[in-house]
1. Under 5 Å between amide H atoms, partner at least 5 residues away or on a different chain: which partners does residue B:85 have, H built in plane at 1.01 Å?
2. Carbon and sulfur atoms: what percent of the 1.4 Å accessible area of the range A:290-357 do they account for?
3. For a quick protection proxy, order the peptides B:82-89, A:148-155 by their average other-Cβ count within 10 Å, most packed first.
4. How high is the relative contact order of the range A:327-505, in percent, counting Cα pairs under 8 Å that sit 6 or more residues apart?
5. Return the long-range amide H neighbours of residue A:400 (sequence gap of 5 or more, or a different chain), with a cut-off of under 5 Å between placed amide H atoms.
6. Taking every residue in B:18-26, how many Cβ atoms of other protein chains lie within 10 Å of its Cβ, on average?
7. From largest accessible area down, sort A:561, A:530; use a 1.4 Å probe on the protein chains.
8. Near residue A:424, within a Cβ-to-Cβ distance under 11 Å, what is the net charge of the other residues, with Lys and Arg +1 and Asp and Glu -1?
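The values are calculated or read from the model by the stated rules, or taken from the named source; none is laboratory data. Owing to the predicted nature of the structure, the values given are computational and were not obtained by experimental measurement. Cβ placement follows ideal geometry from the backbone for every residue including glycine, while neighbour counts extend to all protein chains displayed. For the accessible areas, the whole protein counts, side chains as well, though only heavy atoms, and no ligand, DNA or RNA atoms are used. Shrake-Rupley method; radii C 1.70, N 1.55, O 1.52, S 1.80 Å.
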Amino acid sequence: MNKELEAILPVFVEEAHDHLDLLDRTLLELEKQPDSQEHHLQLLRSAHSLKGAAATVELDQLAEFAHALEELIDRLHRGQIPNAGAGIELLFQSVDAIRADLPALATGAGAPEIAGMAARLAALLGNAARPEQALGQPGGAAEFAQGEYDKIRIQALRKQGLQVLQADLWLPVDTPDAPEAAFELLRGLRKAWSVVATDPPEGDLGRLDGRGPLRVLVGGTGTPDDLRRELQDLGVSRCACQQLSAEPPAPDRRAAPSARSTIKVDMERIDGLVDLIGELVIVESMVSSAAELRALRSEQLRAHLGQLGKITRDLQDAGLRMRMVALRGTFLRMKRMVRDLARQHGKQIQLILAGEDTEMDRGMLEPIVEAMVHLIRNAVDHGIEPEGERIRTGKPRMGTIHLSAYRQSGGVVLELRDDGRGLDRGRILEKGAELGFVREGQSLSAEETDALIFQPGLSTAPRVTEVSGRGVGLDVVRRGVESMSGRIKLSSRAGEGTCFKLLLPTTMSIIDGMLVACGTERYIIPTLSVLESLRPTRDMLFSHAARYELIHIRGETLPLVRLAALFDLALAPRDPCQSLVVMVEGMGCKFGLLVDDVLAQQQVVIKSLSAGVQQARFFSGAAILSDGHVGLILSVDEIGAMIRRGRSHAEDRTADATGPDQGAPAHGEEVGGCSHAP
Amino acid sequence: MGRKILLVDDTETVLLFMRMMLSTYGYDMTTAHDGREALAAVQADPPDLILLDIMMPVMDGIECCRRVKADPKTNRIPIVMVTTKGEPALVERAFLAGCNDYLTKPVSKLELLAKVRGFID
């Protein structure tokens, strides 16, 4: 493959994925309405576009395969495939085969999946390629008209009542550059005639070293004499013109219509732009809040700075919007997956989608897909009961999974709800105790019990199936969601089903955070995790067994974590009543964070932490604050997980310590379990 | 001012390919992704040549060609249909719609350039 094609290849691969997604989507629709003309046409168009693009980048094997797909779709459309269901299934598998082989194709490697499918397609299509329209010879001396559609073109000219003529001509004696002169001649000739073919062909006029002969096949309203006169006017020194005889025309097929007005830009470029905008936002707020400038007391400067601030924020919004894509494509992939999984399990399951137009940061799509795949597999395997059981319990035979997305308080909620049997809390507790997540005598609320399923290794599947139940899964989902600074809410009712809510920010590059102070340190708590903040009164606070600090709020007694203690800040212990408590929720555990002050609620641009800081896993990232200082973003889920495990944070840190700088904790304080106070 | 070519195709791969192939020859190239976009581009700034794909969403190349050729203000703009192998019926309709010539994908650089030069300087 040459350099130019290599440069196009990434564009092709991305585009090919779009076509494959559209094929998948349309196939799903077609399955529901097998007679839909519109869906057949859409399939044809997608396969066709894929073929054209593949041929352009010289992936001939793929182009041929796409052609076979077109053939199959066309035959399905015409009702020539006896078992339409099998035909559609074959198309589904073909789409998968292309998807599987694309990475290899892009690197010039072979395409084993496609090769295998191609053989199956050929078998189904009976090897008898589409009977090409029998084309009569145009007759006469025009056998050099060898182009793909030259003959059809001749027929079309005749249908329009035009004459088809052939001219053998010689360029003038003094022609210095024959190919150049030939181009000029053709341009002149085209003013009144349609040029069908030339010999040598146009792409090879360089072969014309002398003056000729150059053969030209044209269509038009004139006679051979008219053509001769015209050629002579164009400077041809000698020519012979003749008319070609007529023959019959060919029949008709197919048409096309859908919408799009986009350009494709490399993700890296957009990321670069968004990064720069992030820096700009910070510098802008540094400049705008600079005391030196405010000291100038210039009304005009103030107005200009205000304008700069507004434009900067608008620019930030615009930059982020560029990275946003609708969830539609991702959702439809899930639809396909549910269909396949349900078949594997012999269950009837429908997936109902809502809010597919909700937009999210493109960089989050992959982790979201991973999380959804796990959750859907779980729902199909463990959630939705086998048909017999559903009928016995008076449920509809067909199980339903709802997947919806909607915006909520600046973020996006992805909701996955099934109407299955719900979580088996007894089993979970049993398993949790077995794995040491629940201690002797510890009593957990329903919510806390449910949250256990996000612990590593905890699977209640009675058997390991092909689909799920390997004991990996939900903790991976939790980590994935956390890595996006999101959190999971889980609710389940025995016999009625389970609902996972993924609360996510719309973007990963910016987080809406609550800026809190602890001594001279600044921390950011993701707003998505914050329930409320309050100044505690004496009667709300108490400690239990001199070990746990607890806060009593709205009838609940919840653990209280002193940030200063958690991070070993060398601060004099403060009276909590002089501090603030930020109530947060992470890992199904509500708790309070004791901080000195809540400074602001602001959007910060997230920077990932370098490896050296990573050991502090209570942080999910860092942000540069508007005063130029760095603030660490708290991982509320990690803190919640630590509380749940009920291990002292000292133990926890020793277990994670990777560097020699881990001194003994200043306070040997333990943080209590998430249980209710007696 | 270079001669203006309007490239119309619903796949970015093909558009990029054609732009790269023609880029060093000083043509002034614009692109459109479907027939309707192409018509709008033709109305806004008539090109000297249109390279037009056939199967496209919204409005296919054949309808686009028919409309360009039906409008006395634009019917002199040459249209070269960019076709794919194995669609004789469609291509015939394109010819009947008045296109001036055709190319077949995959288009080689030489063919593309020759066809363009056979229509414009």
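1. For residue B:85, whose amide H was placed from the backbone, the distant partners under 5 Å are B:105.
2. Values: 2210 of 4140 Å².
That fraction is 53 percent.
3. Values: B:82-89: 20.9, A:148-155: 23.4.
The most tightly packed comes first, giving A:148-155, B:82-89.
4. Values: 303 pairs, mean separation 42.7, N = 179.
That works out to 24 percent.
5. Long-range HN contacts for residue A:400: A:350, A:419.
6. Values: counts 1, 1, 5, 1, 0, 1, 0, 0, 0.
Mean inter-chain Cβ contacts per residue within 10 Å come to 1.
7. Working: A:561 5, A:530 30 Å².
The most accessible residue leads, giving A:530, A:561.
8. Numbers: positive: A:421, A:425, A:427, A:431; negative: A:430, A:450.
Neighbourhood net charge equals +2.
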